[in-house]
1. Of Met6, Met93, which has the most accessible area with a 1.4 Å probe, and how do the rest follow in descending order?
2. For the range 111-153, what is the Kirkwood hydrodynamic radius in Å, using each pair of distinct C-alpha atoms?
3. Can you list the residues, at least 5 places off or on another chain, whose amide H is less than 5 Å from the amide H of Ile167, using H built in the peptide plane?
4. Order Tyr85, Tyr99, Tyr114, most accessible first, counting only protein heavy atoms with a 1.4 angstrom probe.
5. For His124, His106, give me the order by solvent-accessible area with a 1.4 Å probe, most accessible first, ignoring ligands, DNA and RNA.
6. Could you tell me the distance between the Cα centroids of the range 63-130 and the range 155-171, to the nearest Å?
Amino acid sequence: MLEKIMELRSQSKSIAQIAKECGLTVGQVKYQLQKDKAKLAEDRDRSSTPNQAQRGQEREWRLPAFYGRDLVKVMAQGPSVLFVYWEITWPRMRMVASYMQADYRHIQKCLRIYDVTDRIFDGHNAHSVQDVLVQEDAPSWYVRDVRPGRTYLVDFGLYEQGRFCPILRSEPVETPRNTNASWGEPLVEPAKDSTSPTWFENFSSYSLYMKSKK
């Protein structure tokens, strides 16, 4: 498959065209090209002296674009911005496409944003739900205008015939506050009733110990 991709690449075809001819997604084509680039760099380093190879690795190291597993991650980029990135493997794509009876490459991708602040989320009790449509070949997306100081979950899924089909769910993330805490503001709400609890008068420290036998 890599040979075919490289052959089409040598013909100055775009990644989208290569993906269509090979029956792959744009992400898979990029992944194959990334692997080929890494292999060429490794072969070049092996042919150089140890010191040169070490310098080459330090200079050319990059965070991998793809990890070869299904994932969706969300990070707070500020009080009102979330950054979401995802990767869907080919087996998962085929499974979803088969279920929806549609071509995965042409199904509308979507992020569903749940505000789950102070909630044990059961899928239906979010404070609010927001759908964000993303481009077909996008591996990541910025979600703007979320609220500061809130907790969010994100589902990556597909829209087909007016229905949303979730594929993966992220871990929760909390957006930071956009205001400074007031000077002297308590971190914990003080108790309003300062009276002793009803059980206090019956408490005895002797109840914590047993008299030893002589």
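1. Most to least solvent-accessible, the answer reads Met6, Met93.
2. Computed over Cα pairs of the range 111-153, the Kirkwood hydrodynamic radius comes out at 11.5 Å.
3. Phe156, Gly157, Leu158
4. The ranking, largest first, comes out as Tyr99, Tyr85, Tyr114.
5. His124, His106
6. 7
The values are calculated or read from the model by the stated rules, or taken from the named source; none is laboratory data. Here the structure is a predicted model, which is why all the values come from computation and not from measurement. With ligands, DNA and RNA removed, areas are computed over all heavy atoms of the protein, side chains included. Shrake-Rupley method; radii C 1.70, N 1.55, O 1.52, S 1.80 Å.
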